[in-house]
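See below for the structure under consideration.
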Amino acid sequence: QVQVVESGGGLVQAGGSLRLSCAASRSIFSINIMGWYRQAPGKQRELVASITSGGSTNYADSLKGRFAISRSIGKNTVYLQMNSLTADDTAVYYCHADLGIRGGEYWGQGTQVTVSS
């Protein structure tokens, strides 16, 4: 099992930046994939970005170039740097940990990001 806790959300003006953090309760080397998802009001939850235990990254096509996922091994933390934010980025952002078939999947409680235009 793993617990993941997000932080860093808030209110930001359009064009601004935010960095979200996701702290895991175990070594992120032991987590197959960690990812960031978001869910806007009235929309389905969607993948934003993910990073594997080996460090490979994946992004939603529409967000490439503006968002960047990274990690700190020593802090067991994954980050999401978000730049040039627009109102369309307003959503609850969730951290996700995939431990594989036997380990299961875990979600954080979410952190609200609101971009004012």
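The values are calculated or read from the model by the stated rules, or taken from the named source; none is laboratory data. Just so we're clear, the structure is a prediction, and the values are computed from it rather than from any experiment. We place every Cβ from the backbone using ideal geometry, glycine too, and count neighbours over all the protein chains shown. Side chains are part of the model used for accessible areas, which takes the heavy atoms of the whole protein and leaves out ligands, DNA and RNA. Shrake-Rupley method; radii C 1.70, N 1.55, O 1.52, S 1.80 Å.
In what sequence, highest mean first, do 93-99, 28-34, 7-13 appear when ranked by Cβ atoms within 10 angstrom?
Working: 93-99: 21.6, 28-34: 18.4, 7-13: 13.7.
Top of the packing list down: 93-99, 28-34, 7-13.
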Residues with amide H under 5 Å from that of Arg71, placed H, sequence gap 5 or more: Tyr79
I'd like the trypsin sites (Lys or Arg not before Pro) in segment 51-117 restricted to DSSP loop residues with at most 14 other Cβ atoms within 10 Å, sorted by number. Lys75, Arg102
Over the chain, with neighbouring protein chains present, the accessible area per residue in Å² at probe 1.4 Å is 53
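How many Å³ per residue does the convex hull of the Cα positions in the chain occupy? Present the calculation step by step, with values, prior to reporting the outcome.
Details: hull volume 11.1 nm³, N = 117.
Taking the convex hull of the Cα positions in the chain, it is 95 Å³ per residue.
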Please tell me the relative contact order of the chain in percent, rounded to the nearest whole number, where contacts are Cα pairs under 8 Å and at least six residues apart. 37
Where the accessible area of segment 1-74 is counted over protein heavy atoms with a 1.4 Å probe, how much of it, in %, is carbon and sulfur? 46
